Amino acid sequence: MHFLSDEGYPFPTAPPVDPFARIRVDDCGKTKGCFRYGKPGCNAETCDYFLSYRRIGADIEFELSAETDGWVAVGFSSDKKMGGDDVMACVHDDNGRVRIHHFYNVGQWAKEIQRNPARDEEGIFENNRVTCRFKRPVKVPRDETIVDLHLSWYYLFAWGPAIQGSITRHDIDSPPVSERVVSIYKYEDIFMPSAAYQTFSSPFCLLLIVALTFYLLMGTP
């Protein structure tokens, strides 16, 4: 279909926009690695936080999703602490777009870096979730702010609100972190229960339950 200008010349219609392909979880642990944080059995559309990664040639494709109207990110760290980390964040701006930004954690502060290794980026904000997909090279020229992903790193998972397209503090005080360093050459499907679902699984709580049970059984009527 074509539209005519005032002068009678045809204007071609804009090309159709490809819809965002839903993130699949049935291939987690098989053809891609996945991290799920939230309710047991959650998927990319129901977890508090979701991340997947897979190798495609000389690139790594990442998929991120979180229940937020602001931003969702992954950090690559040499330890489990925030500071000195390479961070990729998908940010929902005031125009409804989701863009990929590159940050470097300076202490507890995320500094945006103009050199952005992301490409083939796409994102969507829907059902109060920010979801995105992008690629970045496995190996990059040596730079303090961009790590080589062929090496293993701890993955830091975070999400939170944004103001006019700028990220603000993450939603929870202690965001989840991968238990061990992550290798892009190994695909696993790792589930991490959120605080609401790990209350009775912690060693302290189990010990408390045993102590209370003993007290009730041994107490005088």
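Taken as a whole, the condition of being within 26 Å of Ile167 (Cα to Cα), within 12 Å of the chain's Cα centre (by Cα) and hydroxyl-bearing (Ser, Thr, Tyr) applies to Thr68. Listed by first and then second residue, the pairs linking a residue in segment 185-196 that is on the phi > 0 side of the Ramachandran plot to a residue that is assigned to a loop (DSSP other than H, G, I, E, B) and modelled with pLDDT of 95 or more, with Cβ atoms under 8 Å apart and 6 or more places separating them unless they lie on different chains, form an empty list. It is to be established whether one or more residues within segment 116-127 are under 20 Å from Gly33 (Cβ atoms) and among the aromatic types (Phe, Trp, Tyr). Within segment 116-127, not a single residue is under 20 Å from Gly33 (Cβ atoms) and among the aromatic types (Phe, Trp, Tyr).
A residue that is within 15 Å of Val182 (Cα to Cα) and touching a strand residue (DSSP E or B) at 6+ places or on another chain (Cβ under 8 Å) occurs nowhere in segment 38-48.
Restricting attention to segment 181-197, the residues being assigned to a loop (DSSP other than H, G, I, E, B) and open to solvent by 80 Å² or more (accessible area, probe 1.4 Å) number 2.
One line per residue, one yes/no per condition, for (1) over 17 Å from Glu61 (Cβ atoms); (2) open to solvent by less than 40 Å² (accessible area, probe 1.4 Å); (3) part of a loop (DSSP other than H, G, I, E, B); (4) modelled with pLDDT of 85 or more:
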{"residue": "Phe134", "(1), (2), (3), (4)": "no, yes, no, yes"}
{"residue": "Val140", "(1), (2), (3), (4)": "no, yes, yes, yes"}
{"residue": "His150", "(1), (2), (3), (4)": "no, no, yes, yes"}
{"residue": "Ala158", "(1), (2), (3), (4)": "yes, yes, no, yes"}
{"residue": "Asp173", "(1), (2), (3), (4)": "yes, no, yes, no"}
{"residue": "Glu179", "(1), (2), (3), (4)": "yes, no, yes, yes"}
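When the strands (runs of 3 or more DSSP E) confined to segment 14-90 are screened for residues that are open to solvent by 30 Å² or more (accessible area, probe 1.4 Å), those reaching at least 1 such residues are found at 33-38, 49-56.
What number of residues in segment 40-65 are over 15 Å from Arg129 (Cα atoms) and at pLDDT 95 or above? So the count comes out to 11. Gly96 meets each of the listed conditions (1) touching a strand residue (DSSP E or B) at 6+ places or on another chain (Cβ under 6 Å); (2) on the phi > 0 side of the Ramachandran plot apart from (1).
The values are calculated or read from the model by the stated rules, or taken from the named source; none is laboratory data. Note that this is a predicted model, so its numbers are computed, not measured. Ideal geometry is used to build each Cβ from the backbone, glycine not excepted, and the neighbour counts take in all protein chains shown. What goes into the accessible areas is simple: the full protein's heavy atoms, side chains included, and nothing from ligands, DNA or RNA. Shrake-Rupley method; radii C 1.70, N 1.55, O 1.52, S 1.80 Å.
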